[in-house]
Ligand code: KG4
Ligand code: ZN
């Protein structure tokens, strides 16, 4: 089956077409089309993501992304191109309407229907105004092409894309453990089976990605801060920099699987008081902060691996792009758990994209759940 997936939960507008052959979890996947517009340059000016701005940009770019993904997939007889007038009207409708607009649907209905069997869309968690753009558009497409609509949990997408080796999903021994680390989440999730999740740990305050972004801002680095901190810390490490500041490891030894990053962030703020932000200071702080964050993530995850005797660890979410965090987990598994499986997401699929939504949707579809069109809504706090 061919799945067209849409992702608009935060600041990436993404549409993908993925062909699934065979039955989940042994299916083979081919990415036929993959279009992604990153709003990062727009949000950088404001130093972060404002929901209203994200919504406007999703409304403006989602139709061009649909066209690009469909053209790459070549599932229509002629290129799938809507006129400039239609583009403008759709952008306006998607920005304004919360209900499914008839006009939106009418434009899509009369255009050639591509060989797509189901539409998948992120329904949460994320920024609700942003999620709604994707959901309304997905509903319009599903109605126009008369195919089912599958709502997907964004975090489940991060799990599935980590398992994706480019062709198939890697084997998973249950119970498995997932560490999900992104701009909005820091969670340890026990997977008892496919789709059977139990959250055993979470952050008590900031998400780890959020802490990366906030510390970056204190160091006068642009948004998003994660990659900037990572670059500087890597440089400092290669130069043999030894930080003079010592930062706390919040909740490192507590008897649970929870995290806290706000104290770490505040410690950085104090350490910077009355100091001029020089490149040397940026490098030192980036290194000290990244070391502290990675150590807490590894240690708490190790506690969970031991307590639940899980044979598989799945690392997912934007922060899983971090080289030092990846290396730290790889070292842990090489030393302590050589017989267990560690799955890391491919570097180019680590941050938000729509391929992850298509993969999770295929797994949902395999369960045979039929979703009631009208009850599919955006849920900013959707849990696994
Ligand atoms: O999963 P994602 O793309 O969006 C959310 O669902 O939140 O994650 C974005 C987060 C941001 O906080 C960003 O700073 C962080 O992932 N991030 C990184 C790196 N690349 C992205 N954090 C640390 N190191 C990186 N290399
Ligand atoms: Zn994400």
Query raised in the report: Most exposed first by the Cβ proxy, i.e. fewest other Cβ within 10 Å, how do 61, 122 rank?
Result: 61, 122
Query - segment 101-127 and segment 1-41: distance between their alpha carbon centers, rounded to Å - result: 14 Å
Query raised in the report: Relative to the longest principal axis of the chain, what angle (0 to 90°, nearest 10) does the C-alpha long axis of helix 323-336 take?
Result: 70 degrees
Query raised in the report: How high is the relative contact order of segment 192-263, in percent, with contacts defined as C-alpha pairs under 8 Å that are six or more residues apart?
Result: 44 percent
Requested in this report: Under a 10 Å cutoff between Cα atoms, tell me which one of 359, 264, 188 has the largest fluctuation in the Gaussian network model of the chain.
Outcome: 264
**Report entry** Helix-only [θ]222 nm of the chain, DSSP H runs n ≥ 4, -39500 (n - 2.57) each, per residue, nearest 500
**Finding:** -14500 deg cm²/dmol
Query raised in the report: Quick one: helix 279-308 against the long Cα principal axis of the chain, what's the angle to the nearest 10°, folded into 0 to 90?
Result: 80 degrees
Query - Sorted peptide list for 274-282, 160-168, criterion being average Cβ within 10 angstrom, highest first - result: 160-168, 274-282
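Where a ≥ b ≥ c are the square roots of the eigenvalues of the C-alpha gyration tensor, would you call segment 53-93 rounded, which needs a/c under 1.5, or, failing that, prolate if a/b is larger than b/c, or oblate?
Details: a/c = 4.24, a/b = 1.75, b/c = 2.42.
Judged from the Cα gyration tensor, segment 53-93 comes out oblate (a/c at least 1.5, b/c at or above a/b).
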**Report entry** Candidates 321, 292, 178, ranked by Gaussian network fluctuation over the chain, Cα under 10 Å, top entry
**Finding:** 292
Report task. Report, to the nearest 10°, how far helix 84-96 tilts away from the longest principal axis of the Cα atoms in the chain, using its own Cα long axis and a range of 0 to 90°. Result -> 60 degrees
Query raised in the report: Over segment 308-384, what lengths in whole Å, largest first, do the semi-axes of the equivalent ellipsoid take, defined as the square roots of 5 times the eigenvalues of the alpha-carbon gyration tensor?
Result: 31, 16, 11
Query raised in the report: Any idea what the relative contact order of segment 128-249 is, in percent, if you count C-alpha pairs under 8 Å spaced at least 6 apart?
Result: 12 percent
Query raised in the report: Which ordering of 199, 96 is given by a fewest-first count of other beta-carbon atoms within 10 Å?
Result: 96, 199
Report task. Mind sorting 38, 230, 83 by how few other Cβ atoms lie within 10 Å of their own Cβ, fewest first? Result -> 83, 38, 230
Query raised in the report: Using alpha-carbon pairs under 8 Å, 6+ residues apart, how would you state the relative contact order of the chain in percent?
Result: 22 percent
Query raised in the report: Given R₀ = 51 Å, FRET efficiency for residue 88-residue 337 by Cβ-Cβ distance, to 0.05?
Result: 0.40
Query raised in the report: If only Cα atoms are counted, what is the Rg of segment 73-203, and what is its Dmax, in Å?
Result: 18.3, 52
Report summary line: Checked segment 1-113 against the a/c 1.5 cut and the a/b vs b/c comparison, axes a ≥ b ≥ c from its Cα gyration tensor; verdict oblate
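Shape call for segment 113-169 from the C-alpha gyration tensor, a ≥ b ≥ c root eigenvalues: rounded (a/c under 1.5), prolate (a/b greater than b/c) or oblate? Mind showing how you got there, number by number?
Values: a/c = 3.12, a/b = 1.22, b/c = 2.56.
Oblate shape, in that a/c is at least 1.5 and b/c is the bigger or equal ratio.
All of the numbers you see were taken from the coordinates with simple rules; none came from a lab. Keep in mind it's a predicted model, so treat the numbers as computed, not measured. Positions of Cβ are generated from backbone atoms using ideal geometry, with glycine treated the same way; all protein chains shown enter the neighbour counts.
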